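Read the structure below first, then the notes.
The values are calculated or read from the model by the stated rules, or taken from the named source; none is laboratory data. In this text the structure is predicted, and so the values were computed from the model without any measurement. FYI the Cβ positions are ideal-geometry reconstructions off the backbone, even for glycines, and counts take in every protein chain you see. The area values use the complete protein model at the heavy-atom level, side chains included, leaving out ligands, DNA and RNA. Shrake-Rupley method; radii C 1.70, N 1.55, O 1.52, S 1.80 Å.
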Amino acid sequence: QVQLVESGGGLVQAGGSLRLSCAASGSILRVNVMGWYRRALGKQRELVAAITGGGNTNYADSAKGRFTISRGDAKNTVYLQMNSLKPEDTAVYYCNADLVQTGWVQGYDYWGQGTQVTVSS
């Protein structure tokens, strides 16, 4: 059984910073890609940032220059440093991992439970 556990959400004023963390646990052979998505009220879920096992990153235009995604030394962890936060960043943020379980060949998507980020103006 694979679990993704997020932490680090909360309430912050505009211009402030938050750091989200996500750790994947279970019988994991390999983590291919880890990323962060968000869903604002009344909107569809969107990609915020993603990082491959080799360290290649991809950011939404709204996140470029303000957010930084990184992998932990354990490689099963991912962080999202969010600076210069804006009220429009308010959303539930979800951790995502494309990973291969031990004994499996194909990778599948796994999701965390989500963490609320609220930015006040």
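Overview of values
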item: Solvent accessible area, Å² - Arg30, 1.4 Å probe, full protein context; result: 110 Å²
item: Portion, in percent, of the accessible area of segment 65-121 that falls on carbon or sulfur, probe 1.4 Å; result: 49 percent
item: Solvent exposure of segment 6-83 as accessible area per residue, Å², 1.4 Å probe; result: 54 Å²
item: Simple label model, 7 Å out from Cα along Cβ direction - Ala74 to Ser21, nm; result: 0.9 nm
item: Extended-chain gain in nm, criterion 0.36 nm per residue less alpha-carbon gap, Val100 and Ser62; result: 10.7 nm
item: Protein-only accessible surface order, largest first, of Lys86, Lys43, Lys75 at 1.4 Å; result: Lys43, Lys75, Lys86
item: For the chain, average projected area of the Cα convex hull in nm²; result: 7.2 nm²
item: Distance (nanometres) between label positions extended 7 Å along Cα→Cβ at Asp109 and Asn32; result: 1.2 nm
item: Exposure of Glu88 as accessible area (Å², to 10), given a probe of 1.4 Å and all protein chains; result: 120 Å²
item: Magnitude of the charge dipole, the chain, Cβ model with Lys/Arg +1 and Asp/Glu -1, debye to 20; result: 100 debye
